[in-house]
Each structure stands twice: as C-alpha cells, then as structure tokens.
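Below you'll find the structure, written out as structure tokens, and then a few comments.
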Amino acid sequence: MSATEALMFDKSLTAGEAKKRGDLRNRKPYIADKLAAIADMEEAGEISPIIRLEKSYLCNFQCTHCSAEYYMDRDLKKKETIDDRPKIDMEAIKELSRQADELGLARFVITGGEPLVMRDFDEVVAAIDPDKHYVITDTNGWFLDEVRAFHLKSIGVEKVQMSLDSFIEEEHDSFRNKKGSYQRVMRGIDACAASGLNLILSTCLINGRAKTKEFRDLCQYCTDRGVGLYVSYAKPVGSATDHPEFVIDKEDADILREMEKEFLVFSHMTPSYGSYKGCITVKGIITVTSTGEITPCPYIDMSFGNVMQTPLKEILARGMRNPWTGPHRPDCLIGEDPAFIKLHQTVTAKHKLLPVPYGEGFKDDDSFDRIA
Amino acid sequence: MTKIDVTFDSRGRLEPHSTIKTPVHLKSRNYFKFPDINFDPTSNYKNINLVFDIPLSENEFVSETKNLLKECRMDLGVDKKQEILAVPFFTPRLGEGDLGDHLEKKLIPAVSQSYKNLFPEYEFKNEFPHPLSEHFKSISGLGHDRLESAVTLGPVIGVCLFIIREYSVQAARDQVKLLGEGFGLSGAIDLSSVLVSQPDLLFHKDDYPPLLWFSGCETTWEHANFHYEAYGYNLMFNRRVHYDQVAEYWSHGVTRFIRL
C-alpha cells in the first residue's frame, strides 16, 4: 500500500452513499473524479471548501434566526441605506466557477435569501456549470413541489438542503414566521424522493434543544427516512443578533456528538469518513456574497477579500493564515467562542453594509490580542 | 538546569523563546483548556495497574514520580506558586521492534482499555485503522529517541509536562532543543502511556481541551503527523495535516523519565 493510499480517508461508504456516487460517476464523471480527489487534496494539506453563492437575498420568509437579514433590501430600507457596491453577475459567476475548478474545488451551494424565488436561478446554475461542479441548492421548501423538483434535477442540480426547524408543526411555522411552511417542507421531502434529488434537511440548534424529545423525534424521523439531518448551531448574527440566549454551550454540542452514534445526524463539525475538519471556516466552506466578498462561513460577516478584485486562491490563503480561522479548531468559531462573537458584534455594528471589507474586520496582521 | 531562561504565563504555558522563528503564538488567551487535574500519582498508579503489570509498589511510584516532578520544576526554574500540568506515567518494556508496531499493537490498545475502564459509556476510537509498522520513528536528539531506546531494554517511569501549547510542531521541537537533554519532546510512547495513566486528560465537559501532537516523532507520510484528541466525550487517535502551522488548539508534552 502506498503512503497516499494508506492515508486515504476511510472509504467504507454506506451502501446508499456508494450507490449515489456510482450514479454520479455514470452521469458526471468529471465531477465524480474531482470529488474523489478531495481526500488526497486534504491529505496533501490543500483545502477544498464548498462555495456558498449568495447572488440574491430576496426571500419570501422572515425567520427568527436569519443570518442574511442584514443583507436584505428590507433591512437596508429600515436603515435608510443604499447598497451601491458592484454586484456579481453571470460573468463573475462563470469566472468564479473557472477559478474554483482550477483549484480542484467541486461543490457549489446556491443560497440566499430563498434561491427558489430567484428569477435567474436556472441561469445561475448554468453559469456555475453543473457538469463541472456538484450543485446544491438551499431552500425553505415553500416552492418545492414535484414539478419544481423534477425541473431542478433536469437543469443539473444534484442536491437540496431544506430547512426544518422543529418536528412540531406549530413550532416550525412560528420560528419561520410562516404558517403552512412545515407542510410545504413535508411536501418537498416527497418531491425530492420522487425526482431523484439528493436531500438533506437542515435544522437550527438553539440552546437546550438537543435535550428535547422534539429534537430526538426529528433525528429518528430523518434516520427512518434515510435523510441526513444537518444541524446548524444558532449564531447571534443577522436577525438572531438580539438572541444571545440561542447560543449553545458545550454540553449541547457534546449531546449532539453522542447522538451522531445513533442517528443520521451531523453538524459541520462532524467527522466525515474519517476526516475531522472541526470548524470548517475556509477549510470546508466559504460564502460569496452578492457583492463578491468572500466570508469564511455563512455566519461571519467579515470578508477575506473580494473575488472580483483578488484571486480566489489568495483569498483562501488569507483565511488559512488567519489565527481565528486556520488551520484547525474543534469548536464553532461564531457559534461557541464568546470572544470572537463579541469581536464580530463590535466590528459589524460599525458597518451598515456587510460584510466588513478585508482589512477592517479580518486583516493581514490579525491576532487574538485585539480582544484579549 | 535548562540551557536558557524560561518564563511561563499565568496558566503554566511556557512562553516561546525569542530565538524561535517557526510558527508560534507569542501570547495565549488559553482558550483550549485541559481539565483541572491535580498531580496525583496514587490515582495514576491505580489506572496503570488495571492495564499494565507495573513492577513497582504504589509508594515507590508515588515517591519516584514526585521526585521527577520536583527536579523538572527546579531545572525549569518554576516558581513554587506557578501551577503547571504534569502527569506521571509508566511504560512497560516494549522490547526490540518497530515503533509503529509497538504503537499499533501495544500502546493504542492500552489507551483504549484505560479509557474504557474509566468511561465505559464512551468510546476510544482509532481513526487510522491502517498498519503503522515502519511508518514511525523518533526524531534524533529530541528525547523521544532516548525514551524509545530505554523501553527496548526495560520499563520506565516518567513525568510529562503539558507546558508547550500553541506552538507549531516545528516550533515545539525548536523550543525543546533549548531546554537541554534533561527534557524530551513527547511522542507516541509517552503520550500513550500518559493516557493510560490519566485517561481523563482530554475529557472536559465545560471547555474544549487541546490536541496532543506526537511532535517527538516523524512519519513516512510527508504532510501528516499523528495525535490524540477528544471528540466530545470520546477520545481519538488520528492524524492531521497543517502541523507546520500554529493553532490555538495545538499542544505538546515535555517529558523526563528514568529506567527501572
């Protein structure tokens, strides 16, 4: 066995996962090759973040915990602020796709806002190029009926990540501030199954929820249906800025870690086939905002650079050099580290337009002394 | 005595020497924390005794490891009031053979057994279930090589000090060289033995504990080094890249031992 082979991550895939990968290889061998190469890249110290693309913040919901609230027109109106920064267009997305491909990156998530209200959604998928990148879309599920699901599949979307914030209908609708949204999610789950779209459900973990029967019931439901449940820790950003009580403690995170042994449930901190990434900022995920700024995760409103001005490779390198985000930490930076949360709130509060540009939030000579 | 004057921060972290140019944090906010562990060789002896045949009485083990710690503190010039995290350990005779083999066949199973003894409801997991034979060696001149030689011939007892935190692996090596030959940089043998002796070293319910690098060893895999770390209430043996960089999460042990 070669050293590289020996270091390959554990590839004892589940039967379902092996089938999905086999199917992808038949249809999109170029993407399958890139995905298969990720383990080798990581073993060589390279990074392979998923790119979350926020082209538009338009949304038909107004959720209690929305991390994108401060990017939305409705919030800018409240602040009487006009965002006249240049926006990414299809050409910029094509260029981003090209640079990402060159770096061996393989996964894009279209997010927002609510992607399924975007009029140019299909055009965005095409600009990313679904034959070069594995395309995922986030959704609140409101518009995901069977017809839409089949359409998404037909234009090259592979996977849907749909939000379900409580297994109790009234609680979900209340958290999402949208009556009927729970039932739409249930319809969306069936639509994904019918159309062959891969699906994961995502749910927001607020302090104490890991201990509830409701959460356990949701984990059981997802496991029974064979649908992964992605758990996102609540972060005190966006419309949840004024909800510090949402922030989890280590006990919540550890309860979840124990539940991973029993259920098909995971967080961004969960090891995947032997790879323990810990906090995935930069290493496992980046967000590209509508103005081309790259932030290290969906919840940190401080940029590492603008992709319309700086090569993606350099922006990623900045993230890996930064003491907060690279190379590794086992906890969630913006969801668990009180000092960083305070720093983030202090810095972002001074800016009406987010994210905070590189140099004013994160910077070249960053250090922990800023808040020590 | 050490070759250089050393200083500690208020939480017992050895501050990096000014000559170190490899990646290291000059100051620490001590975000990643070991649990509060008192130096308690009596309790360590009991844990060891459940896993290894230790050819010493409890009193002898307590007395010898206390002496070792006293010497270490004196040589480092540690003030009486300064708290430093120190864990006594015992390593049985491993005999002739390959370090990777010893790790895979004797030391990792011993860590697993000790963890299960203390925490039957949680897991020790070897996240690298591949042969380790001929893939590990001690780095010459950093102390772990002397420990490896010693356990070829017979058992040892020692004390491991967790004072090097937030250093890249290379910076830890540079720092330990400056401490002199009385101290060695921890690796596969002593860290495994420490976790047999103190299986709760990385068990922390309130804070995240740091990761323990095998910095005194190198492997045939160019980009990776190995370590123990916690995952929630569970303990893991694993490998990781980016050890050439510094992170708040990294920590390393410094060891002094005697042959029995």
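The values are calculated or read from the model by the stated rules, or taken from the named source; none is laboratory data. Keep in mind it's a predicted model, so treat the numbers as computed, not measured. For neighbour counting, all protein chains shown are included, and Cβ atoms are generated from backbone atoms with ideal geometry for every residue, glycine included.
So, in segment A:242-266, of the ones that are under 30 Å from A:R74 (Cβ atoms) and either buried (at least 20 other Cβ atoms within 10 Å of the Cβ) or touching a Ser or Thr at 6+ places or on another chain (Cβ under 7 Å) (or both), which residue ends up farthest from the other protein chains (Cβ to nearest Cβ)?
For segment A:242-266, the residue satisfying everything is A:F246.
Just checking, does segment A:65-74 include any residue being over 21 Å from A:I294 (Cα atoms), at pLDDT below 95 and buried (at least 17 other Cβ atoms within 10 Å of the Cβ)? Looking for residues that are over 21 Å from A:I294 (Cα atoms), at pLDDT below 95 and buried (at least 17 other Cβ atoms within 10 Å of the Cβ), one finds at least one in segment A:65-74, hence yes. Restricting attention to segment A:261-275, the residues that are in contact with a strand residue (DSSP E or B) (Cβ under 6 Å, 6 or more places away or on another chain) and assigned to a loop (DSSP other than H, G, I, E, B) total 1. All of (1) polar (S, T, N, Q); (2) away from every other protein chain (no Cβ under 14 Å); (3) in contact with a helix residue (DSSP H, G or I) (Cβ under 9 Å, 6 or more places away or on another chain); (4) more than 30 Å from A:N306 (Cβ to Cβ) hold for A:T270 with one exception: (2). Can you say whether A:I300 is in contact (Cβ under 8 Å) with a residue 40 or more places away in the chain and under 30 Å from A:T14 (Cα atoms), as far as the supplied structure shows? No: the conditions fail for A:I300.
Taken over segment A:124-137, the residue count meeting the criterion of being in contact with a strand residue (DSSP E or B) (Cβ under 9 Å, 6 or more places away or on another chain) and either without any contact (Cβ under 8 Å) to a residue 24 or more places away in the chain or in a loop (DSSP other than H, G, I, E, B) (or both) is 3. Considering only residues that are surrounded by fewer than 19 Cβ atoms within 10 Å (Cβ to Cβ) and not basic (K, R), look in segment A:291-319 and name the one that is nearest to A:I341 (Cα to Cα). Among residues in segment A:291-319 that are surrounded by fewer than 19 Cβ atoms within 10 Å (Cβ to Cβ) and not basic (K, R), the one nearest to A:I341 (Cα to Cα) is A:A317. Mind counting the residues in segment A:234-265 that are modelled with pLDDT of 95 or more and of a type in the set (F, W, Y)? Residues meeting the conditions: 1.
Taking segment A:334-372 as the range and being out of contact with any strand residue (DSSP E or B) (no Cβ under 6 Å at 6 or more places or on another chain) and of a type in the set (A, V, I, L, M) as the test, the residues that pass are A:I334, A:A339, A:I341, A:L343, A:A349, A:L353, A:L354, A:I371, A:A372. Please list, ordered by first then second residue, the pairs with beta carbon atoms under 7 Å, 6 or more apart or interchain, first in segment B:208-221 and more than 9 Å from chain A (Cβ to nearest Cβ), second small (G, A, S) and part of a loop (DSSP other than H, G, I, E, B). Within 7 Å, the pairs are B:F214/B:G187; B:S215/B:S186; B:S215/B:G187; B:G216/B:G143; B:G216/B:S186; B:G216/B:G187; B:C217/B:G187. For B:S168, are the conditions met, namely being polar (S, T, N, Q) and within 21 Å of B:L69 (Cα to Cα)? It is false that B:S168 is polar (S, T, N, Q) and within 21 Å of B:L69 (Cα to Cα). One residue stands out in segment B:128-148 among those that are in contact with an Asp or Glu (Cβ under 9 Å, 6 or more places away or on another chain) and in a helix (DSSP H, G or I): the one that is farthest from the other protein chains (Cβ to nearest Cβ), namely B:R146. No other residue among B:I139, B:I108, B:I157, B:I84 is under 14 Å from the mean Cα position of the chain (by Cα) and under 23 Å from B:N225 (Cβ atoms) apart from B:I108.
Name the single residue, out of those in segment B:83-127 being within 14 Å of chain A (Cβ to nearest Cβ) and charged (D, E, K, R), that is surrounded by the most Cβ atoms within 10 Å (Cβ to Cβ). Within segment B:83-127, the match that is surrounded by the most Cβ atoms within 10 Å (Cβ to Cβ) is B:E104. One residue alone among B:L191, B:L179, B:L201, B:L153 is away from chain A (no Cβ under 13 Å) and closer than 19 Å to B:G100 by Cβ, and that residue is B:L191.
Quick one: in segment A:323-357, of everything that is more than 12 Å from chain B (Cβ to nearest Cβ) and in a loop (DSSP other than H, G, I, E, B), which residue is surrounded by the fewest Cβ atoms within 10 Å (Cβ to Cβ)?
Residues of segment A:323-357 more than 12 Å from chain B (Cβ to nearest Cβ): A:334-335, A:341-342, A:344-357.
Then drop every residue that is not in a loop (DSSP other than H, G, I, E, B), which leaves A:350-355, A:357.
Working: A:K350: 9, A:H351: 15, A:K352: 14, A:L353: 17, A:L354: 22, A:P355: 26, A:P357: 18.
So, considering only residues that are more than 12 Å from chain B (Cβ to nearest Cβ) and in a loop (DSSP other than H, G, I, E, B), the one surrounded by the fewest Cβ atoms within 10 Å (Cβ to Cβ) is A:K350.
Here A:K87 meets each of (1) over 26 Å from A:L312 (Cα atoms); (2) in a loop (DSSP other than H, G, I, E, B) with one exception, condition (1). Scanning segment A:25-66 for residues that are among the aliphatic types (A, V, I, L, M), in a helix (DSSP H, G or I) and within 14 Å of another protein chain (Cβ to nearest Cβ) gives A:I38, A:A39, A:M41.
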